Structures are given as structure tokens and as C-alpha cells.
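See structure below.
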Amino acid sequence: MGEQTTSDAGRRQGPLAVLGAGVMGETLLSGLLRSGRPVDSVVISERRPQRAAELTEKYGVQVLDNATAASGASTVVLVVKPQDMAAALADVREAIRPGTLVVSLAAGITTATLEAGLPQGTPVVRVMPNTPALVDEGMAAISPGEHCDEAHLAEAEELLRSCGRVVRIPEQYQDAVTAISGSGPAYIFYVVEAMIEAGVLLGLPRATSTELVVQTLYGAATMLRETGEHPTVLREQVSSPAGTTMAALRQLDDHKVRAAFLTAMEAARDRSRELAAGDG
Ligand SMILES: NC(=O)c1ccc[n+]([C@@H]2O[C@H](COP(=O)([O-])OP(=O)(O)OC[C@H]3O[C@@H](n4cnc5c(N)ncnc54)[C@H](OP(=O)(O)O)[C@@H]3O)[C@@H](O)[C@H]2O)c1
């Protein structure tokens, strides 16, 4: 197969193809449609016909097989599980045309692996998304492959902005990103669970405790984003001398909660590296 054109002038015209419309694929599809992309400019492929029919019914989107979807597309977005990636690449390898951008949302699959499974010279972008994309508050980190230029990165960025924020990072940091924002929502939910339990321990009805904690989290996150203040400054504002907050924070320090967070995220980063190396 010949060297592909990666210049902007070589970009193909055609729909965006989302291959694998499970949880993340549907999230991206619905975000794109809500952000104004016409439904006839997107096609999807799915392994199970029942799932495909459900998505056509819900969004009116056309469903094709992997090879047909990839052969007509200007951009192919791979949203299959990491263990299904080799099969998906094999399906599209012969079909993909020069100039097609390939964007992968699969955790731990490197741009080198993607490039090795695609025609020589294919521009690829690797993405680590997170689940708040479901409510348009996702955090995605994107890294360019070998044959990716500024226009390709900008296109991937625009695509992902339909369901949240996007940062560009060198690929070597993708394991760290996985540990922080990829897995991050789970740590926050864990803290929320613990605080709700604490409310119940202190005698609050569970529903009340839940409302107090969720709104406090939402308010604190909004303050961080809107004031742009350092978290230490915001925390000090609620920590009066010898007060209640200081009594609680002292306990968190005594129980080494900050150190536990550092160790936990190191463990996630290391696990991400192991998985990427195929050491499941
Ligand atoms: N950082 C995060 O929080 C995060 C969150 C979600 C996803 N992700 C990444 O996003 C990717 C997708 O995850 P997901 O949660 O959306 O998984 P999912 O719900 O299982 O969706 C994957 C979909 O792709 C389909 N599929 C599998 N092989 C296929 C093939 N060869 N051709 C066409 N369709 C195929 C699957 O069909 P079947 O149902 O038949 O298997 C399924 O519907 C993963 O690689 C994951 O690493 C990251």
C-alpha cells in the first residue's frame, strides 16, 4: 500500500465514521449531534445488529459494516474496547483511503500500535476520554501519532469538544492522564460515598446527606473553575483558627489521606503501563 497523504490538501471529503457505538461511542455520537453536526454526516458500525437498530431508531444515524464505513469516511473514530482493537483494525486496514484521519479512544493502545495496524502513513490521534463526557463535561487528552499534523490535531480537538474539554499532551504522559482524569471520576465518587456515609453516621437521613454532599461537590468544583483560585487558597478560606474544618483536616492528615491519593494514582499509572504492554 502506498504512502498516504497527510497534508490538509489531501484530506478526504466524507462522513465521520464511529466504529463501536457502545457507551463511549454513543456518548460521542450524541454529543456531536447535539453540537449541531448533521446526522447524515455521521455513520456508525456496531457488532450486534440489535444495538445498531436501537441507535438508528434513537438518532436516525446510518449503520454500516466496518469496512464500508471506513472506506467512505474522512475521519474514522475507533471506540471499541482495547481487546477488540486488533480485529477492528484488521477490518478497516484495506478499506481506509489516503488522507483519512483515525482517532482512537481505546485506553492503552499506543499510536505506534495503531499505525502498525493501518496503511503506511495514516495520521492517527490517541485520546483518553472520561465518563463525564456523558453530560458534556468530559476531559479528554489527545496525543498525535507520527503522521499527524496541526490540522489533524485541531480536527480531533473539535470532535471531542462536543462533549467537554480537550488538552494536548505528548503521548508519554497518557498513562499519567489515565490515572488522573481517566480514572478520576471514580475517586471523586468514592469520596462522595464516604462523605454521605459520614452524614448518615452523624444522624442525617441518607437523602439529605446525599443532597448536601452532591451540591457541596458541585459548588466547590464550580468555585475552582470560576474563581481560578488555587485550591489551597479556597481551602484556607473555610479553615478558621481552631475551628471545625481544621479539626477534620487534621484527622485527614493524621490518616495520611494526601499520601494515599499520591500512592493510589501512582498505582493507576503503573497499571495503565502494564495493560498497555499487554500484561493483563
Ligand atoms: N477513560 C474512560 O473513562 C473511558 C470510558 C469509557 C471508554 N473508554 C474507552 O473507550 C473505548 C470503548 O469503551 P466503552 O465503555 O464504550 O465500551 P463498550 O460499551 O463495550 O463499547 C464498545 C462497542 O464496540 C462494539 N464492538 C466491539 N468490537 C467491534 C468491532 N470489531 N466492530 C464494531 N463494533 C465493535 C461492542 O460490541 P459488543 O457489545 O458486541 O462487544 C460495543 O458495542 C474503550 O477502548 C475504552 O478504553 C474510556
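Just to verify a number: FRET efficiency for A198 and D136, C-beta to C-beta distance, R0 = 41 Å, to 0.05? Present the calculation step by step, with values, prior to reporting the outcome.
Details: r = 30 Å, r/R0 = 0.74.
Calculated transfer efficiency: 0.85.
Residue separation times 0.36 nm, minus the C-alpha to C-alpha distance between R97 and T68: what's the value? Don't jump to the answer; show the numbers that get you there.
Working: separation 29, 0.36 × 29 = 10.44 nm, distance 1.12 nm.
Stretched fully, the R97-T68 segment lengthens by 9.3 nm.
Going by how many other Cβ atoms sit within 10 Å of their own, how do M223, M24 line up, fewest first? Can you show the working numbers first?
On the way: M223 14, M24 24.
Going from least to most buried by this count: M223, M24.
GluC sites (Glu not before Pro), restricted to segment 166-263: which are DSSP loop and have at most 15 other Cβ atoms within 10 Å?
Here the sparse-neighbourhood loop sites are E229.
Using the Cα atoms of the chain to build a convex hull, what is its mean projected area in square nanometres?
Numbers: hull surface 69.7 nm².
The orientation-averaged projected area of the Cα hull of the chain comes to 17.4 nm².
If you rank L204, L159, L78 by fewest surrounding Cβ atoms within 10 Å, what's the result? Before the final figure, lay out the partial values.
Details: L204 16, L159 25, L78 28.
Ordered from fewest to most neighbouring Cβ atoms within 10 Å, L204, L159, L78 come out as L204, L159, L78.
Assuming 0.36 nm per residue, please report the length gained on full extension of the stretch A260 to A151 beyond their Cα-Cα distance.
35.2 nm
Using 7 Å Cα-to-Cβ label points, what is the R206/Q13 separation (nm, one decimal)?
Placing both labels 7 Å along Cα→Cβ, they lie 5.8 nm apart.
Of the DSSP beta bridges with both residues in segment 1-147, give the percent that are antiparallel, rounding to the nearest 5. Could you put the intermediate results ahead of the total?
Numbers: 4 of 21 bridges.
Of all bridge pairs located within segment 1-147, approximately 20 percent are antiparallel.
Starting from the 7 Å offset along Cα-to-Cβ, what nm value, one decimal, do you get for the label separation of V238 and A267?
2.6 nm
Ranked highest first by the average count of other Cβ atoms within 10 Å around their residues, in what order do 87-100, 35-48 fall? Walk me through the numbers before you get to the answer.
Values: 87-100: 18.4, 35-48: 16.3.
So the order, starting with the most tightly packed, is 87-100, 35-48.
Along the charge dipole of segment 81-222, pointing to its positive end and built from +1/-1 on Cβ of Lys, Arg, Asp and Glu, which listed residue (P132, Y187, S162) has its Cα farthest out?
Of the listed residues, the answer is Y187.
About the Cα centre, and with charges only on the beta carbon of Lys, Arg (+1) and Asp, Glu (-1), how big is the dipole of the chain? Nearest 20 debye, please. List each step's numbers first, then the result.
Numbers: 24 positive and 34 negative charges, 69 e Å.
That gives the chain a dipole magnitude of about 340 debye.
Please say if segment 190-259 is rounded, prolate or oblate, where rounded means a/c under 1.5 for a ≥ b ≥ c the square roots of the C-alpha gyration tensor eigenvalues, and otherwise the choice is prolate for a/b larger than b/c and oblate otherwise?
Values: a/c = 1.79, a/b = 1.20, b/c = 1.50.
Oblate.
Filter the chain for me: DSSP H helices, axial length by Cα at least 24 angstrom, mean Kyte-Doolittle hydropathy not below 0.0. List them by residue number.
Working: long enough: 184-201 (26 Å, 1.31); 206-227 (31 Å, 0.07); 257-276 (28 Å, -0.14).
The qualifying helices are 184-201, 206-227.
When Lys and Arg each count +1 and Asp and Glu each count -1, what net charge do the other residues less than 13 Å away from E158, Cβ to Cβ, add up to? Don't skip to the end; give the middle numbers.
Details: positive: R37, R161, R165, R168; negative: E150, E155, E157.
Around E158, the charge tally is +1.
If you take every DSSP beta bridge whose two residues both sit in the chain, what share of them, in percent to the nearest 5, is antiparallel? Numbers along the way, then the final one.
Details: 4 of 26 bridges.
So the antiparallel bridges in the chain amount to around 15 percent.
Expected output is a single nm value to one decimal: the length gained when fully extending between E158 and T245, i.e. 0.36 nm times separation in residues minus the C-alpha distance. What is it?
Details: separation 87, 0.36 × 87 = 31.32 nm, distance 4.18 nm.
So the extension gain works out to 27.1 nm.
Counting only DSSP beta bridges with both residues in segment 94-179, what percent are antiparallel, rounded to the nearest 5?
On the way: 4 of 12 bridges.
Of those bridges, close to 35 percent are antiparallel.
Read-outs throughout are calculated quantities, based only on the coordinates presented, and are distinct from any laboratory measurement. Note that the coordinates shown come from a computational prediction; the quantities given were computed from them, not determined experimentally. Neighbour counts are summed over all protein chains in view; Cβ atoms, including those assigned to glycine, are modelled from backbone coordinates with ideal geometry.
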